[in-house]
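Okay, here's the structure, questions in a sec.
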Amino acid sequence: MKSPDFSYYEALSIEDAIKFKCTDNESIFLAGGQSLIPALNMRLSSPSCLIDISKINELKNISIDDDFISIGASVTHSEVLQNKIILEYLPILTNVLKMVAHPAIRNKGTHGGSIAYGDPAAELPAFAVALNAEITLVGLKGTRTVFANDFYYGLFETEIKDDEILTNIKYPLLKSNQKIIFDEICRRHGDYAMAGLIANVEMLNSKINNLKLVFFATGIKPEVGLKTSNTIIKDGFNYSKIKEILKTELDLDADLNSSSEMKLHLATVLTNRVLKLLEV
């Protein structure tokens with residue numbers, strides 16, 4: 001299929017992009033376009049205009065700000081993979097990004113685009129929730145920060161208002177006793193995950209002190225397994241028990257990859273796999 005007709009506007013600055021968006025509520029921002037263009041071609045999206053923000057230099061930086069790593073919205077996945085700051089301070093992010101599609105997609109797809117799009121099967125929204133990243137939004141009324149825990153509402157629904165643009169994501173630097181562990185199950189490398197898990201773990205005397213489990217590709221948004229985490233800290237892992245708890249915590253929406261029951265099984269298996277990775 002071919003995309004519907006639309007116009008094109010190249011924004012020169014964040015302010016320029018916001019002002020143009022406010023004159024046309026049916027317009028949409030274009031960064032890497034790796035999710036947007038397929039949606040256009042399949043007629044799942046019919047914007048009046050694409051506002052190209054890919055040339056705005058303010059959105060292309062990776063830096064350390066106080067106790068955070070800041071990644072600009074238009075930084076591509078490939079640029080993140082090769083960045084020295086990421087490799088030194090947040091190397092687990094490179095492991096996550098290596099599972100995002102294929103090199104051609106990673107060369108164009110952007111960090112902010114994935115966060116803003118909120119695909120429930122994507123790795124980066126779950127990663128942001130696992131670290132409760134600070135997401136910066138800029139609109140007509142100024143700048144505001146939204147924590148990733150509060151950013152996702154439902155299927156492709158986020159906190160971004162009509163006049164706002166996501167400009168950067170700030171990840172807290174990890175503590176010395178903190179680990180981020182990632183695993184997913186997919187049919188082939190580069191395919192969407194059938195189920196995935198990112199764990200934020202804090203250790204104390206070689207034991208789990210704090211645990212945050214964030215599942216993706218299981219429901220309509222990244223899902224935090226709070227009861228599951230507390231049970232593991234208290235009693236350790238037991239397949240049947242954890243499976244029953246996850247059944248109450250996850251939406252478990254079936255898709256083309258797997259049924260709801262399969263997703264529940266995979267989420268339980270992933271929980272155990274992540275815990276075993278922690279022991280290595």
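Every number in this text was worked out from the coordinates using simple rules, so none of it is lab data. Just so it is clear, the structure is predicted and the values come from calculations on it, not from any experiment. Every residue, glycine among them, receives a Cβ derived from its backbone with ideal geometry; neighbour counts consider all protein chains shown.
Calculate the spin-label point distance for residue 272 paired with residue 88, positioning each point 7 Å from the Cα along the beta-carbon direction, and give it in nanometres.
Going by the 7 Å Cα→Cβ label model, 4.1 nm.
Work through the residues other than residue 135 whose Cβ is under 11 Å from its Cβ and net out their charges, Lys, Arg +1 and Asp, Glu -1.
Counting the neighbours of residue 135, the net charge comes to -2.
Then there's this: Computed from the coordinates I sent, semi-axes √(5λ) of the Cα gyration tensor in Å equals one of (i) 31, 27, 20; (ii) 41, 24, 16; (iii) 33, 22, 16. Tell me the label.
(iii)
Can you compute the modelled spin-label distance between residue 230 and residue 60, with each label point 7 Å from Cα toward Cβ, in nm?
Computed distance between label sites residue 230 and residue 60 equals 4.8 nm.
Sort out the exposed loop trypsin sites (Lys or Arg not before Pro) in the chain (DSSP loop, at most 13 other Cβ within 10 Å) and tell me the longest stretch that has none.
That gives 189-280 as the longest site-free run.
Can you list the HN-Hα couplings for segment 102-113, worked out from phi with the Karplus curve (6.51, -1.76, 1.60; θ = phi - 60°), rounded to whole Hz and with x for Gly and Pro?
Ordered by residue, 3J(HN,Hα) equals 10, x, 4, 6, 5, 6, 10, x, 10, 4, x, x Hz.
Sticking with this structure for a sec: How much net charge surrounds residue 196 when only other residues with a Cβ under 12 Å from its Cβ are counted (Lys, Arg +1; Asp, Glu -1)?
Net of charged neighbours comes to -4.
How far apart, in nanometres, would the label points at residue 48 and residue 179 be if each is projected 7 angstrom from Cα along the Cα-to-Cβ direction?
So the two model labels end up 5.3 nm from each other.
How much length is gained if the chain between residue 8 and residue 150 is pulled fully straight, taking 0.36 nm per residue apart and subtracting their Cα-Cα distance, in nm to one decimal?
Stretched fully, the residue 8-residue 150 segment lengthens by 47.9 nm.
Right, here's the next one. Please find, in a Gaussian network model of the chain (springs between Cα atoms separated by less than 10 Å), the residue of 254, 122, 217 whose mean-square fluctuation is greatest.
Result for the chain, Cα springs under 10 Å: 254 fluctuates most.
Here's something else I'd like to know. Under a point-charge model restricted to the Cβ atoms of Lys and Arg (+1) and Asp and Glu (-1), what is the dipole moment magnitude of the chain relative to its Cα centre, in debye to the nearest 20?
Numbers: 29 positive and 35 negative charges, 179 e Å.
Dipole of the chain, to the nearest 20 debye: 860 debye.
Okay, moving on. Assuming a ≥ b ≥ c are the square roots of the Cα gyration tensor eigenvalues, decide whether segment 91-210 counts as rounded (a/c under 1.5), prolate (otherwise, with a/b larger than b/c) or oblate.
Taking the square roots of the gyration eigenvalues as a ≥ b ≥ c, segment 91-210 is oblate.
Right, something else. Starting from the Cα of residue 84, draw a straight line to each of the lysines and keep only those under 25 Å, dropping any in the same chain fewer than 8 residues away.
Output for residue 84: 55, 60, 98, 108, 170, 175, 179.
Among 47, 27, 4, which residue has its Cα furthest toward the positive end of the charge dipole of segment 4-87, with +1 on Lys/Arg Cβ and -1 on Asp/Glu Cβ?
Towards the positive end, the residue furthest out is 4.
Which residue fluctuates the most in the chain, going by a Gaussian network model with Cα springs under 10 Å, if the choices are 116, 73, 101?
101
Something else: Angle, helix 14-23 long axis vs. longest principal axis of the chain, Cα atoms, 0 to 90°, nearest 10?
It is inclined by approximately 70 degrees.
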